[in-house]
Amino acid sequence: MRHDLKEEKRKDITKVNILVTFDTNGTLITCGTFEDGYCEVLDINDITNSIYYESYILLGPRQDEKSVAFIADRYLLVGKKDDDAKAQDTVYSVVTLWNTLQSQPGDIFSKIAEGLYAIIESTVRDVEFIDGFQRVSPSESYLFLNTKTDYERKVLVLRMNSSKEKKRDIIRSLQAATIQCCSDKVHPVLVASTVIPLANDVIWAGVFSAQKDLENSVLALYNISNVQGRVNGFCPTGDRPCGFELVLDEKFTPGCPTVLYKSDDEQAVFPKMHFDPVDFKHIYIALKNQKPEILSLEPKKVSFHGRNNILLRGRNLESVIKIRIQGNLDCVSKEFPVFNRSSDTLRFHIPPSATKGTVKVSVVTPDDRCHGNSIITYSSQPSCTGIQPNVTWSSGGRKIHVQGSNMELVESVTVLPSNKVLKTQYDTSSGDVWFYSHSYDGSGLFRLLLNVHNSVVDCVDYLSYNRDPEFTEFTTLQVANDLQVNIQKKADMLNLSMNEVTVMGVQGDQQYQCILEKIESSAIICKIKGKPGAVPVVDSLTITVGNYVLGMSSANFDSDIKDFIVGNSKLFALTNHRLHQMRHDLKEEKRKDITKVNILVPFDTNGTLITCGTFKDGYCEVLDINDITNSIYYESNILLGPRQDEKSLAFIADRYLLVGKKDDDAKAQDTVYSVVTLWNTLQSQPGDIFSKIAEESYAIIQSTVRDVEFVNGFQRVSSSESYLFLNAKTDYKRKVLVLRMNSSKEKKRDIIKSLQAATIRCCSDKVHPVLVASTVIPSANGIIWAGVFSAQKDSENSALALYNISNVQGRVKGFCPIGDRPCGFELVLDEKFTPGCPTVLYKSDNERAVFPKMHFDPVDFKHIYIALKNQKPEILSLEPKKVSFHGRNNILLRGRNLESVTKIRIQGNLDCISKESPVFDRSSDTLRFHIPPSATKGTVKVCVVTPDDRCHGNSIITYSSQPSCTGIQPNVTWSSGGRKIHVQGSNMELVESVTVLPSNKDAWFHSHSYDGSGLFRLLLNVQNSFVDCVDDFSYNRDPEFTEFTTLQVANDLQVNIQKKADMLNLSMNEVTVMGVQGDQQYQCILEKIESYVIICTIKGEPGAVPVVDSLTITVGNYVLGMSSAKYLFCLSSQNITGHEPEIFSLEPNKASFHGRNNVLLRGRDLENVTKIRIQGNPNCISKE
């Protein structure tokens, strides 16, 4: 075989006791006892090719004794007990060196060595060789053996220098020592061993036992690099006395005295372990057959309805083929198949029982022998007495305890009307079962059904859903060395407990646990532990309540963001009264009280932030860009920005501050207005800091248009060009302009005179003459610019378009450097800029308020910052939250403010690149998407993406293994179909539907109709794959009811319905009986179903006993009418009940005006429905 255990060749061979690879010679040496002994040399690459054969020679043991054989440099070393010893002998041959080549002195398979034999002798007859190996560098041979005398057992190691030329010299190089194990208990028997490859030392691992039967085995490691000395009783042949003992060197103790493994149970271990000699990554060990053992059963108590998926834990279960169950009063035992079997676990189903009591469970092997003996108890049904707590929050994840008796029998709960089936856990201390509440978008009361095998128990209490807890803000307070965190919350009815809330403080990449101290109706108080001189600081919190996770930032702005700007390493946000310094991940670092600011510009190359405003007739202040609380320069009575609350722009143009704004100082008679000014930024520049003088003039661009509105501007670094974008309005026209200047010129005046301009128009389908927001998109060659345009100033019907503005040339009327007359001229050819990519990439048909700034992160250009008013989308729930690794279509996401969501982003924990999926069926509170396949199992984070490419929300979807089908219950149905079929197995929540073969019908839980009988296969459909079910599904004829009789019992009417015996085993919840008298119908309450009869009762009142002349019996899709005159009539499947179709519910019952696909209608008698008719209130004509 290869090292991966793939077989290549095989050869018939018998009675072999020596099997040695001679790799350097390309041969395999085999020896045995056949015909008084033989040896054969085979081709190591083709064992069917025999190279040499010699008979009547015995190298290995004569009996079935343990022995060791391996190549010692170029000889075959064999260690074995002396089979030829006589009773009077006192010295025995135990190790022999044999020739391996015909070229060696004495020919192949000779043990002669320079006139003597190459043998090691021993005065101990009872020896057992366990292992041996050849160390390549240096060439040393090691043997390990057990010795036994009348009074002692011990383990020995023998070492020889196999690099010597002569066999006799190799034998005479013998060194030996005793190996003792272990410190806690003597283990004088070596069971198995192997050498562990290392560069310098020889590390050897041995498995030791206290007795030969391997009880209490121990694994220990030893460094045997320097075996020195001799032990009594072992010597080269001819040495007398045979062996001498050096007490100092004799006893080898473990090189690593720690016992790495200790097994207190009986284990039969084959005495060989081998490392793969090529890469040393694999170890080969053969184990003898093990007997199965049962350690535990979970559960050990079931209801008399039986239980599926009993978990059996044990040892050596690989060979178990079935389970045998024997009741105390049963004459014949029952047997059941096993599934999900491994070496230490398996599962099986235990059937129903007619009586309560205990049964014995054992496992059966292929030889039909029973092993182990465990007990399972049949008990009464559970009863539910209450739910605690009986209220939960919308996102779910609250631990709900169900109280009552025999609760350990409950397998799961079904929550109605959501029909969610939730797994339960049994609490041995309280006797309750508990489950985690599921997510539900809304509020209301829910019933609980306890699922016990194929039956249910109704719970007396209700579970109510409230909104998720609402946390509004938090504050921090230093208390000694700790940080107290006070979280404000809205009052609710949830009555949160301390173990349901987790709070983590976050500062940068550091997280701190906040230990809860108190939960009140409107506040949560927790504390983060600190150290002397190291009080923690946090800028945000993560609050977890079940499945609800909320992130809160201490950067709770006191009002709307008025302005924000992005620098190379910081982001600065301005509110009415405060300036916030944040990192690019929006974690706040510093804040500064500030007022009436209208210019906010980072000067990264200077390490400063320039702020200007209207406070006290105008001012400018230069701040440290890394600490805005540090003021570097302040100047008052200077106005750079607008006097009124008008839009303006400001940015660094190479080394000057460029400001574009409407002229506030213009007089009524003026015809030319100042709109762009270049200001100094350094005291070293001519005219000092904050001067607009430029070579005896002003560095100003003028305009003949007074009504201008600057929207955006930027400095292009590579070519040092400045771009400005503005709206211009006259009495008759609106237009969008772009201005460009060469800001690399030395003099401010030259920069102003380099002005070029053009008009930008958008868009082909509809004129949008107002620019709302814009940003530049990084590109290696051109300058790609994105603008958001609107038809009106209020941003209604906005459109996003891209432009290449690399070559702005010419002028537009009304804009010129100061002093130019006439002010501006127009080149028609170059004036109208059309989109470089004319396709409108985004167009929103709903009104949207857009903050007039978009910024790319200037470091890596991976993020774009855009501020939107009163929008932030939220994820409330995902259905389903668990999918197979094949993915899943039509995931339902519920949330808020979802109108602007463009796609879904999916990020795995180990994925470097996130995946994105488009959305469909989108409304304000729901949308759907497909989640793609995954190569691995585990959880992924799901967030919704808005047009600014920001992610919102954070929910989890779990990729799981494929479902596995273990059975079908019941596995028989009737011809007309409609029986509720349970498909059992693991990960069944991933199943979307089932396909019934060979009819190829799709169904879910209820069987379809089939005209005939026979066996059917089931395929579980999971996304684009399917899983075959292990069980078959059979169809029988419809149940046959022959006649009925009635009997008055007190005020009631008992109805006895005769039926033919069948294999359907009908249950009470599958049959409905209605009594009919004229137009009057009565429900007949079922009391008993037996093989030949169904008994039910129609309730009456004193003096008013019901009378019926016919019955309607419904079994799934099969409906039978019976009259008292014994006439039968069958209602066809096209008109099962004779009733008109009824509508119970629509899901969803709210849709956007775009419509909705796959609306679900639930009702009764819908088989004949051919179409849907929709009638609007003002519509004259309905739609179908």
Could you check region 380-404 and list, in sequence order, the residues that are under 27 Å from G953 (Cβ atoms) and among the aliphatic types (A, V, I, L, M)?
V391, I400
Would you check if there is a residue in region 757-776 being out of contact with any helix residue (DSSP H, G or I) (no Cβ under 8 Å at 6 or more places or on another chain) and within 27 Å of Y633 (Cα to Cα)?
no
Select the strands (runs of 3 or more DSSP E) contained entirely in region 1087-1149, then report the ones holding at least 1 residues which are at pLDDT 75 or above and touching a Lys or Arg at 6+ places or on another chain (Cβ under 7 Å).
1093-1098, 1142-1147
Mind counting the residues in region 1069-1084 that are within 51 Å of the chain's Cα centre (by Cα) and either surrounded by fewer than 13 Cβ atoms within 10 Å (Cβ to Cβ) or assigned to a loop (DSSP other than H, G, I, E, B) (or both)?
1
Would you pick out the residues in region 326-342 that are farther than 23 Å from C965 by Cβ and of a type outside the set (D, E)?
Q326, G327, N328, L329, C331, V332, S333
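Would you point out the residue of region 441-459, among those that are closer than 26 Å to G985 by Cα and not in a strand (DSSP E or B), that is modelled with the highest pLDDT?
Only one residue tops the list, namely C459.
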Flag if D458 is surrounded by fewer than 18 Cβ atoms within 10 Å (Cβ to Cβ), in contact (Cβ under 8 Å) with a residue 40 or more places away in the chain, closer than 30 Å to I968 by Cβ and not assigned by TED's automatic domain parsing to the domain that holds K300:
yes
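Which of the strands (runs of 3 or more DSSP E) found entirely inside region 881-955 contain at least 3 residues meeting this: surrounded by 15 or more Cβ atoms within 10 Å (Cβ to Cβ) and under 17 Å from the mean Cα position of the chain (by Cα)?
Here the list reads 882-884, 903-908, 938-945.
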Anything in region 591-642 that is modelled with pLDDT under 90 and at positive phi? List them, or say none.
K596, K616, D617
What number goes with the only condition from (1) at pLDDT below 90; (2) aliphatic (A, V, I, L, M); (3) closer than 21 Å to I57 by Cβ; (4) in contact with a strand residue (DSSP E or B) (Cβ under 8 Å, 6 or more places away or on another chain) that L97 does not pass?
(1)
What's the number of the condition F336 fails, among (1) more than 18 Å from Q984 (Cα to Cα); (2) free of Cβ contacts under 8 Å to residues at least 24 places away in the same chain; (3) not polar (S, T, N, Q)?
(1)
Taking D126, is it of a type outside the set (A, V, I, L, M) and within 54 Å of the chain's Cα centre (by Cα)?
no
When region 422-447 is examined, which residues are found to be within 21 Å of I981 (Cα to Cα) and surrounded by 15 or more Cβ atoms within 10 Å (Cβ to Cβ)?
L422
With the requirement that a residue be in contact with a Gly (Cβ under 8 Å, 6 or more places away or on another chain) and under 12 Å from L317 (Cα atoms), what does region 347-384 give you?
S362, V363, G372
Just checking, does region 599-606 include any residue being under 30 Å from R467 (Cβ atoms) and acidic (D, E)?
no
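For every residue, the table says whether it meets (1) farther than 23 Å from L800 by Cα; (2) within 33 Å of the chain's Cα centre (by Cα); (3) at pLDDT 80 or above.
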{"site": "E831", "(1), (2), (3)": "no, no, no"}
{"site": "K853", "(1), (2), (3)": "no, no, no"}
{"site": "P873", "(1), (2), (3)": "no, yes, yes"}
{"site": "E879", "(1), (2), (3)": "yes, yes, yes"}
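Suppose we filter V391, V363, V359 for residues that are under 30 Å from L496 (Cα atoms), surrounded by 13 or more Cβ atoms within 10 Å (Cβ to Cβ) and of a type in the set (A, V, I, L, M); which single one remains?
V391
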Does T48 fit the bill of being polar (S, T, N, Q) and in contact with a Leu (Cβ under 9 Å, 6 or more places away or on another chain)?
yes
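Based on this model, can you work out whether K766 counts as farther than 30 Å from S691 by Cα and not β-branched (V, I, T)?
Numbers: farther than 30 Å from S691 by Cα: yes; not β-branched (V, I, T): yes.
Answer is yes for this residue.
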With the requirement that a residue be out of contact with any His (no Cβ under 8 Å at 6 or more places or on another chain), polar (S, T, N, Q) and outside any strand (DSSP E or B), what does region 328-385 give you?
N328, S333, N340, S342, S343, S353, T355, S380
Within region 75-93, can you find the residues that are in contact (Cβ under 8 Å) with a residue 40 or more places away in the chain and farther than 14 Å from G32 by Cα?
Y75, L76, L77, G79, K81, D82, A85, V91, S93
Restricting the search to region 479-505, which residues are within 30 Å of the chain's Cα centre (by Cα) and part of a strand (DSSP E or B)?
V501, T502, V503, M504, G505
Among the numbered criteria (1) under 50 Å from the mean Cα position of the chain (by Cα); (2) more than 12 Å from V808 (Cα to Cα); (3) hydrophobic (A, V, I, L, M, F, W, C), which one does L724 miss?
(2)
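The values are calculated or read from the model by the stated rules, or taken from the named source; none is laboratory data. Given the structure is predicted, the values throughout are model-derived calculations rather than measurements. When we count neighbours, we look across all protein chains shown, and the Cβ atoms used for this are built from the backbone with ideal geometry, even at glycine.
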